Amino acid sequence: MNNRLLLTTAVYPFPSLPQNEAATDVMGQRFTRGNDLFTMVSHTHPCGLHLLAQNLEIPSVVLEYPRWNQFCREVARGYEVIGISAYPFHLDTVFRMCRHIRMVSPSTRILVGSYAAQTLMALGGLEKFGDMIDEIVDGEGVGHLRRHFGEDPSRPVLQRFFPRNGAGLRYLGKQPKGNTVLLFSGLGCPGGCDFCSSSAMYKRKRIELLSPQSVVEHVSHYLERLPGGVTQFYLIDEDYFRFPDYLLEMRRHIADHPELIEQADFVVFGSVDYIARFASTYGWEAIAEAGVGVIFIGVESRNAGENGYGKRDRADAREVFAKLHNLGIRTIGAWIAGFPFQSRETLQEDLDYYISCYPTYQQLSIFSAFPGTPLHEARSNESKEPDCQFADYHFWNPSSTHPDYSNSELLELTEHGYELGYQRWGACLLRNLDVHLNGVEWCEQSESPLLSNHAILLHRKNAAKLYTQLRTMEKYAPNQEVLKRIRSLTSRYHSIFGAATLLQETASWGSLLLATLYTWKCKISPWSPKTEGFRRFIYTPGAAAPDGSPYVIDRLASLDTTYSLKRLIPKVFGRLAALVVSVYLTKQKI
Ligand code: SF4
């Protein structure tokens, strides 16, 4: 066979989540959920596949979100190896894909990786699924494929040409521009929380993919290559603060290139106790000096510490969140409903505690046992794990087994939590602005040149951008308390920066107009979950210029007429409808 390697996601569309949101829209289905008009929309590229393709010497093709026909067309080209990267809830589709490959191209070797592989291993491995799958890649994939193709597995891992992910407000458009680069600096975590798939998948170890120096070099490379085109880097690594030396070394390299943190900051992952421990040894400012702008923090539950979760038994989450916010670091707070130790007496109080942490962004999910985790194993041993469909293996698993709560009650509770956050603190966007203003004030007073000369510029830039949405937030505030917060933040902004510029005022009025049109449009044609377009990437390593992209997008094959029409028609339809409604309303007023 001429074609050596095809790497693909599961065939699209993916099963929808219980809240009827797209699995690839992390801002809409989780982080800004429940924010009414200010809920955001995002798009995600499957960067794990690009990581594999960009670290092999052989040519390959990457398919992002193929539809069934597109997948079949690709399989018909004949491949030596086809690798499918998927999540557990894709597995029904993955099996269908595997059967099709077996039928059309029996000599093709089929590999399945990512968290779907972990599920397959836990549920019987090749003994059970070997008729459809040849290799289950339950672990780090670059080394696996390099060994498979006879390449040197010890070569450094590079991630220099990832497509950008993006997020934006729904009323500003359903296809936000890409401005975020995802980098895999490390995989796995030694924490061993019983529900955690990542920790179990990498056997409670951290596998480093990028050294701190390499992270900073990658950041520098993207910012030079795409000037003004990247504002944030998502650094995938489960808990940075367990490895203080790593973070401190990153800070040292940032100090050599301070201009980087004027342009972009990092989203990282951390846990309450380890953040507090890091800060008590090296100071809170050291976190911001390492370029960290946002931290995803698993609060899990107020009582997680006393119930065996070692990352939560020393520091108070509220204090850690407040300290971070003070110096301009935003938080994505994660909370879980349905731990066995939460009861009808304690769960609401637990949720209130979480909301009182004032998370800038929120993730509320249900305590779920993914195959391969210690929790799933324990439940299976006790025969407590109910029969579960593959499509149920996600963060809101409808077959959890809480003694007091039914699953629909738990789901309602998570929805209530999102609503509570919005009603109490206002939109995530507003909280974001609040923390950036803290950042400006902190940096102004700071004796650290990294913060006072450099990080401050990014806080200012972001605050100025967010300011343009205050008028819309004021108009559509959910209640009087939030309205007061919006007005007080507006005054605070003016006292720091003075009057808004003409450009800001124009953008602010423009946003209000678009938001109003959007609300009218939603009355006629409500929001529908975002769909991802199909892309075919052709990788030819060696053919590209030394610092050129190793892939081209096959525009012709990627042209999905139905998808393009769907993108076009609702927009035109929505605008027309909004126009009709506005004319009608104006006439009525007259
Ligand atoms: S600390 Fe976080 S990443 Fe580590 S095992 Fe626990 S849940 Fe997983």
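For R109, the residues whose modelled amide H falls within less than 5 Å of its own, excluding neighbours fewer than 5 places apart on the same chain, are V81, I82. Roughly what angle does helix 502-524 make with the longest principal axis of the chain, taking Cα atoms, 0 to 90 degrees, to the nearest 10? The angle comes out at about 60 degrees. In the chain, the longest principal axis of the Cα atoms and the axis of helix 561-589 are about 20 degrees apart. Of F241, L123, W68, which is farthest on the positive side of the dipole of the chain, counting Cα position, with +1 on Lys and Arg Cβ, -1 on Asp and Glu Cβ, and the Cα centre as origin? After comparing all options, I get W68.
Is the chain best put as rounded, prolate or oblate by its Cα gyration tensor, with a ≥ b ≥ c the root eigenvalues, rounded for a/c under 1.5, and otherwise prolate when a/b is larger than b/c, oblate when not? Cα axes put the chain in the rounded bin. Each Lys and Arg adds +1 at its Cβ and each Asp and Glu adds -1 at its Cβ; summed about the Cα centre, the stretch 1-69 shows a dipole of about 120 debye. Applying a 4.7 Å cutoff between beta carbons, the unpaired cysteines of the chain are C47, C72, C98, C189, C357, C388, C428, C443, C522. Neighbour counts of other Cβ atoms within 10 Å put W509, W442, W284, W335 in the fewest-to-most order W509, W284, W442, W335. For the chain, the 222 nm mean residue ellipticity estimated from helices alone, with every DSSP H stretch of n ≥ 4 adding -39500 (n - 2.57) and the total spread over all residues, rounds to -13500 deg cm²/dmol.
Remark: spin-label model distance K177-S343 equals 5.5 nm, labels positioned 7 Å along the Cα→Cβ axis. Computed about the Cα centre, the dipole magnitude for the chain is approximately 2340 debye when only Lys and Arg (+1) and Asp and Glu (-1) carry charge, each at its Cβ. Once the Cα-Cα distance is subtracted from the 0.36 nm per residue extended length, the S356 to L226 segment shows a gain of 42.9 nm. For the stretch 112-238, the antiparallel share of DSSP beta bridges with both residues in that region comes to about 30%.
Less than 11 Å Cβ to Cβ from A23, Lys/Arg counted +1 and Asp/Glu -1: what total charge do the surrounding residues give? Local net charge: -1.
Considering only DSSP beta bridges with both partners in the stretch 180-425, what is the antiparallel share in %, to the nearest 5? Of those bridges, close to 5 percent are antiparallel. Here the calculated FRET efficiency for W509 and Q423, from their Cβ-Cβ distance with R0 = 22 Å, stands at 0.25, rounded to the nearest 0.05.
Counting other Cβ atoms within 10 Å as a rough exposure proxy, the listed residues T360, T108 run T108, T360 from fewest neighbours to most. Size descriptor for the stretch 427-560, Kirkwood hydrodynamic radius: 18.6 Å (Cα pairs only, one decimal).
Axis of helix 407-425 versus longest Cα principal axis of the chain: the two differ by about 40°, to the nearest ten degrees. Normalising the average separation of contacting C-alpha pairs (under 8 angstrom, six or more residues apart) by the number of residues puts the relative contact order of the chain at 15 percent.
Under the shape rule built on the C-alpha gyration tensor, where the axes satisfy a ≥ b ≥ c, the stretch 180-425 is prolate, since a/c reaches at least 1.5 and a/b is greater than b/c. All other residues whose Cβ lies under 10 angstrom from that of Y405 are scored, Lys and Arg at +1 and Asp and Glu at -1, for a net of -2. Counting 0.36 nm for each residue step from E415 to Q213 and taking away their Cα separation leaves a gain of 68.6 nm.
Laboratory data are not the source of any read-out in this text; all were calculated from the coordinates shown. The model shown is predicted, which means the values in this text are computed figures rather than measured ones. Using ideal geometry, Cβ is built from the backbone for each residue, glycine included, and neighbour counts are taken over all protein chains shown.
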